[in-house]
Amino acid sequence: MNTLCPETTELVYPYPRNRVFLSAIITVLSVILAVTLLLEEPSSMLLVISYIFSTIVVTVLTYFMKERLYPFLAEEKLRGITDKEKKVSQWKMLIVAFFMLIGSILVPLLLAGILSEHAWFIMITSFTAGVSISELMLYFRFGSNR
């Protein structure tokens, strides 16, 4: 999987198209689930607005994070790194991914006693939709260069 166009140094989307389809399906299902369940509540408009706002925040944050990581991945493939450098960079990426995973799991758990069930639901569904939407945005930005 080449992350750079062969004739230029433009970035292209480094993952298969199936990942984009999966992100689109997850986005649609997450939004439908959230809006359907949130509209059943008495203060539904406030909950839907909170869901939209938190989804936008998560989308922007994950988009910028992924946008910063993709050139790093492309640079590794371009410069032909050695096995030792490859192992070190893999460990760095694994450590960053591990802390991001732990953080995304622990934050809702730590806030469980403080937040209501609506806030919990909004946090989880907006995180799911936001990460998937940012993946779609990156595909449309970098995937059109293929």
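Read-outs: derived from the displayed coordinates by stated rules, not from any lab. Note that the coordinates shown come from a computational prediction; the quantities given were computed from them, not determined experimentally. Every residue, glycine as well, gets a Cβ built from its backbone with ideal geometry; the counts of neighbours run over all protein chains shown.
Couple of notes before you dig in:
- Filtering segment 93-111 to residues that are farther than 19 Å from V58 by Cα and surrounded by 11 or more Cβ atoms within 10 Å (Cβ to Cβ) leaves only M93.
- Within segment 99-146, no residue satisfies the criterion of being closer than 25 Å to V20 by Cα, free of Cβ contacts under 8 Å to residues at least 12 places away in the same chain and in contact with a Pro (Cβ under 9 Å, 6 or more places away or on another chain).
- Residue pairs whose Cβ atoms lie under 6 Å apart, sitting 6 or more positions apart in sequence or on different chains, and linking a residue in segment 32-45 that is closer than 12 Å to S126 by Cβ to a partner that is in a helix (DSSP H, G or I) and hydrophobic (A, V, I, L, M, F, W, C), are L38/L47; L38/V48.
- Counted residues, segment 18-59 - those being polar (S, T, N, Q) and surrounded by fewer than 18 Cβ atoms within 10 Å (Cβ to Cβ): 5
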